[in-house]
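Shown next, in structure tokens, is the structure this report addresses.
The values are calculated or read from the model by the stated rules, or taken from the named source; none is laboratory data. All values derive from a computational prediction rather than experimental measurement.
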Amino acid sequence: MKDQLEDFIRQNRSAFDTKEPSDKNWDRIRGKLFGETSLWNSVVIWRAAAIVLLGVSIYLAVPKLQDTKEKAMVLSEFKDIESFYISQIANKVEQIEDYRGEEEGLNGFTHDFAQLEAMYQVLKEEMRVHPSQKVKDALVLNLLVRIDLLNQQLHKIEQGEEKEKEKDSTANT
């Protein structure tokens with residue numbers, strides 16, 4: 001069989017000599033012989049890609065760092081505001097209990113006050129998970145509504161006491 005192949009090549013040598021490999025094949029051969037690399041194997045390309053990736057990563061991370069600072073600032077501001085309003089609410093609840101006695105508590109409007117407290121707890125959890133200015137504003141509004149509700153109740157109690165004093169003073173005269 002080996003002899004047949006050799007005979008075939010000798011007989012058709014002229015046909016083989018007219019054929020040449022394509023330029024693409026010669027470029028690959030030259031690259032392997034002289035150490036040339038292709039575009040994808042170039043170290044310069046990979047370094048440039050790494051620098052671009054690093055730049056994009058920093059660009060995407062910087063706003064998140066700023067958001068974290070803003071969230072921390074919103075949380076600290078809210079803690080100060082919350083402590084002030086909670087003390088105001090506690091003071092007003094104490095005043096109502098002094099007028100009415102502890103057995104009555106906040107009975108006239110307990111349901112509304114309890115709903116506001118439940119909404120406040122939900123908002124406070126949202127503030128813990130996703131602090132934002134909108135959530136802070138909603139929490140402050142809830143506290144203000146509760147204070148207003150307590151002020152209305154105190155006003156009603158004071159008006160009721162004034163009416164009783166007037167009745168007592170007209171009855172004594």
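List the number of the failed condition for ASP168; all other conditions in (1) over 31 Å from the mean Cα position of the chain (by Cα); (2) among the charged types (D, E, K, R); (3) at pLDDT 85 or above hold.
(3)
For a quick check of your reading: which helices (runs of 4 or more DSSP H) sit entirely within the stretch 1-113 and have at least 3 residues that are within 30 Å of GLU161 (Cα to Cα) and modelled with pLDDT of 80 or more?
43-100
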